[in-house]
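Q: Got a structure here, written out as structure tokens. Questions coming.
Here, each number is a calculation from the coordinates, and none is a lab measurement. Owing to the predicted nature of the structure, the values given are computational and were not obtained by experimental measurement.
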Amino acid sequence: MVSKIRVLVGMLVLLALAIASIALLAAVKAAPLWFTVVPLGILFFGAGVGRSMGWFDKNR
């Protein structure tokens, strides 16, 4: 079973990291492709790592 609160908090943290990466990319004037690739990579890779490490599992 999945803890909904942990998923929400985890995804909010990943969203904050994705938004920070967009700000960083804008500061260094990166190419437009990176504004799509990097934030989506952070979201998908971070969610995959969190799931595989059991961060989203409900403790009993």
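Q: Given springs between every Cα pair under 10 Å in a Gaussian network model of the chain, which of Ala31, Ala18, Ala47 has the largest fluctuation?
A: Ala31
Q: Then there is this: So how tilted is helix 34-52 from the main axis of the chain? Cα-based, degrees 0 to 90, rounded to 10.
A: 20 degrees
Q: In Å, what Rg and Dmax follow from the Cα atoms of the chain?
A: Considering the chain through its Cα atoms, Rg and Dmax are 13.7, 47 Å.
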